[in-house]
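The values are calculated or read from the model by the stated rules, or taken from the named source; none is laboratory data. What you see is a predicted model; the values in this text were computed from it and never measured. Positions of Cβ are generated from backbone atoms using ideal geometry, with glycine treated the same way; all protein chains shown enter the neighbour counts. Ligands, DNA and RNA are stripped out before the accessible areas are found, and what is left, the full protein with its side chains, is counted by its heavy atoms. Shrake-Rupley method; radii C 1.70, N 1.55, O 1.52, S 1.80 Å.
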Amino acid sequence: MENDSQAVTRVPSIEAQPQSIPQFTQLSPTKDLDLLEPSRTVTPSVRSFDAVPPRRSGWDLRPFHGMITDVRRRLPYYWSDWKDAWTYRVIPATAMIFFANILPGIAFSLDLIETTNQYGVTEVLLSSFMAAFIFSVFACQPLAIAGVTGPITVLNKTIYDILKTHSDAPNYLHFIGWVYLWAAILHWIAAIFNAANFLRYVTRFSCDTFGFYVSWVYLQYGVQVLTRQFSESPSGSEGAYVSIILALILLTAGHLFVAAAQSTFFHRIVRRFFADYGMPISGTVIEALLHSGLAYWGRFNASNPATLPTAGAFNPAGGREWLVRFWELPAKWVGIAFPFGLVLFILFFFDHNVSSLIAQGSEFPLRKPPGFHWDFFWLGITTFIAGLIGVPAPNGLIPQAPMHTQSLVVMGLKTKYDEEVGVSADGEKALGGVREGVEHPVAVVEQRGVLAGLFWFMGTDALRGSGVTAKFLYLIQDDSLVPLHEPLRKVRPSMIWLFLAIELVGFGATMAITQTIAAIGFPIVIFLLIPIRTHVIPLLPFTLEELAILDGPTASPFTMESVGGSI
């Protein structure tokens, strides 16, 4: 975009001149910078490069070119990815990602577990562990977090609902195995022929709309976790009401910690502690109170609120064997599985890559290069393995990926070698945290009410930082209290309303189709956001300056260089 290129100071390429490493702008020491959250509505000044390879028009079809380039650019930093893990910032990131990844993955799968009887908690944890291990050891983008998401559980459950309408329905896991295999093949073809270059057309419009949808899915699942208990609670509705109380306590406590971290109260170290450990403390303290103090509070103990389902360690659901013999599926159903695999490929292409983009967003001025082509090839491998052993397929997580990067950020510091702002220890973190969850998956949190509160907290926290929310709050704000330097002041209010309306229509269409049997097609609706932005919105009465302010690249020019730059 014109405004973005003008706002960036061009410096020599680090690849071309390794001895001349540019430094970040020194931030003012008078601010409590380590507690500030980077803005998602204004693209800050970030590093860029003059020696950027010329952009190719169209799709670069040279086989393996993108994958080889990703490995060549990222391999020199592989050892530093592990060496940089020896920092305190990894400890709060580990605690945060356990609560933000593993537990929601289990809760997302509750409906799938109870409906199909083909999956259990062990399968969900094993899928998360597999993704954590592979992407932390072999991938080029260790900042991205992969695991079991809401969209894949919606897709799997919809496939089950469709199959059960047929009298000659095949074995569910055999059919899913072929769906995953077809999707994996499409992943590999896309990675080999550099399909990730299509990400240059993904802007904040698509990411904000999809992120807004995911936030509401979190809120919806929190409600579903609670309402399901009214029919399941062994002691009537009392347990469900106690779970509602637990959910509201965690939601309130989580946001109180956030407010305290961003306030002027207490010492800076105390505020940082609140920011790092607010969510884990909220969950574990509520569990401790429930198992100790609340046990003596009369009706609380008698209500017996619902807990997570548990099973023996490493035992698959239903007593089946781990290997899924999907090759025994009748030939007719092998062909029928292909369109489902295509839909899964579309979902993962958008969801995983957008997750990686947001984790390396323009508000995080990273030094280490990305690797979208290489990582997408490995996503195909994890998808195939998931089908082979009968677990939900993992992929990139929203909003966990940017939350992970944010938890590793050290702001306002400038080191001799201009080290990466977000220092990742994904290898040790993923292996340690997820292995502990597999051994005893509910050792920390087992109350469904606490899980519902966690969903609500993550959903509301994501909404709070959403670009869609930011535009809406600007429009209803008292104009006299809006800062004079606010970029949205340069945009006509009618154009802000129009842009916001388009985002909400995209969100509404995706949310609506998800609630029906046609939910199998919701990835296509999400994917259509990209051509709408590139071909439809420019035809509307926006000026170039207004579009540059309302929208922009998801990541910095340095990150987008891996996919040929941004539009």
Qualifying residue in the stretch 374-381 (condition: surrounded by fewer than 18 Cβ atoms within 10 Å (Cβ to Cβ) and at pLDDT 90 or above): yes
Residue list for the stretch 168-189, restricted to those being over 18 Å from Pro394 (Cα atoms) and small (Gly, Ala, Ser): Ala169
Filtered residue count, the stretch 491-521, keeping only those that are more than 21 Å from Pro339 (Cβ to Cβ), β-branched (Val, Ile, Thr) and not in a loop (DSSP other than H, G, I, E, B): 3
Cβ pairs under 6 Å, 6+ apart, first in the stretch 58-82 and over 20 Å from Phe558 (Cα atoms), second open to solvent by 50 Å² or more (accessible area, probe 1.4 Å): Leu61/Phe193
Total residues in the stretch 166-203, condition without any contact (Cβ under 8 Å) to a residue 12 or more places away in the chain and either in a helix (DSSP H, G or I) or in contact with a Cys (Cβ under 9 Å, 6 or more places away or on another chain) (or both): 1
Test for Pro531: is it more than 22 Å from Ser355 (Cα to Cα) and not hydroxyl-bearing (Ser, Thr, Tyr): no
Qualifying residue in the stretch 105-128 (condition: open to solvent by 10 Å² or more (accessible area, probe 1.4 Å) and touching a His at 6+ places or on another chain (Cβ under 9 Å)): no
Filter result for the condition that a residue is open to solvent by 40 Å² or more (accessible area, probe 1.4 Å) and of a type in the set (A, V, I, L, M), over Val223, Val214: Val223
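Considering only residues that are open to solvent by 20 Å² or more (accessible area, probe 1.4 Å) and within 16 Å of Phe350 (Cα to Cα), look in the stretch 522-542 and name the one that is nearest to the chain's Cα centre (by Cα).
Within the stretch 522-542, the subset open to solvent by 20 Å² or more (accessible area, probe 1.4 Å) is 524-525, 527-528, 531-532, 534-536, 538-542.
When the remaining residues are screened for being within 16 Å of Phe350 (Cα to Cα), the result is 524-525, 527-528, 531-532, 534.
On the way: Ile524: 19, Val525: 18, Phe527: 16, Leu528: 19, Pro531: 22, Ile532: 23, Thr534: 24 Å.
It comes out as Phe527.
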Matching residues in the stretch 309-334 - criterion: being of a type in the set (Phe, Trp, Tyr) and either out of contact with any Phe, Trp or Tyr (no Cβ under 9 Å at 6 or more places or on another chain) or outside any loop (DSSP other than H, G, I, E, B) (or both): Phe326, Trp327, Trp333
Residue list for the stretch 496-505, filter: open to solvent by 30 Å² or more (accessible area, probe 1.4 Å) and touching a Leu at 6+ places or on another chain (Cβ under 8 Å): Trp497, Leu498
Check on Phe175, modelled with pLDDT of 85 or more, more than 30 Å from Glu328 (Cβ to Cβ), buried (at least 18 other Cβ atoms within 10 Å of the Cβ) and not basic (Lys, Arg): no
Count - residues of the stretch 127-158 that are among the aliphatic types (A, V, I, L, M), under 14 Å from the mean Cα position of the chain (by Cα) and either in a helix (DSSP H, G or I) or under 17 Å from Gly387 (Cα atoms) (or both): 5
Among the candidates Gly465, Gly453, Gly508, residue that is open to solvent by less than 50 Å² (accessible area, probe 1.4 Å), among the small types (Gly, Ala, Ser) and touching a helix residue (DSSP H, G or I) at 6+ places or on another chain (Cβ under 6 Å): Gly453
Verdict on Ser243 being open to solvent by less than 40 Å² (accessible area, probe 1.4 Å) and among the polar types (S, T, N, Q): yes
Of all residues in the stretch 471-495 being touching an Asp or Glu at 6+ places or on another chain (Cβ under 9 Å) and under 30 Å from Ala401 (Cβ atoms), the one that is most open to solvent (accessible area, probe 1.4 Å): Tyr474
Pairs where the first residue, in the stretch 248-272, is surrounded by 12 or more Cβ atoms within 10 Å (Cβ to Cβ) and the second is among the acidic types (Asp, Glu) and modelled with pLDDT of 85 or more, C-beta under 8 Å, 6+ apart: Gly254/Asp461; His255/Asp461; Val258/Asp461
Subset of the stretch 117-168 (residues that are closer than 24 Å to Thr516 by Cα and polar (S, T, N, Q)): Asn117, Gln118, Thr149, Thr153, Asn156, Thr158, Thr165, Ser167
Answer residue from the stretch 335-394, given it is within 14 Å of the chain's Cα centre (by Cα), small (Gly, Ala, Ser) and in a helix (DSSP H, G or I) and is nearest to Ala317 (Cα to Cα) among those: Ser355
Residue satisfying condition, being more than 30 Å from Val563 (Cα to Cα), of a type in the set (Phe, Trp, Tyr) and part of a helix (DSSP H, G or I), within set Tyr218, Tyr213: Tyr218
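For the stretch 97-112, check the following and say yes or no: at least one residue is in a helix (DSSP H, G or I), touching a residue at least 40 places away in the same chain (Cβ under 8 Å), of a type in the set (Val, Ile, Thr) and farther than 17 Å from Val409 by Cβ. Walk me through how you get there before you give the answer.
Here is the first cut: in the stretch 97-112, the residues in a helix (DSSP H, G or I) are 97-112.
After this cut, where a residue has to be touching a residue at least 40 places away in the same chain (Cβ under 8 Å) as well, the list is 97-112.
Filter once more, so that each one left must be of a type in the set (Val, Ile, Thr): 97, 102, 106.
Remaining after also requiring farther than 17 Å from Val409 by Cβ: 102, 106.
Yes; the residues of the stretch 97-112 include at least one that is in a helix (DSSP H, G or I), touching a residue at least 40 places away in the same chain (Cβ under 8 Å), of a type in the set (Val, Ile, Thr) and farther than 17 Å from Val409 by Cβ.
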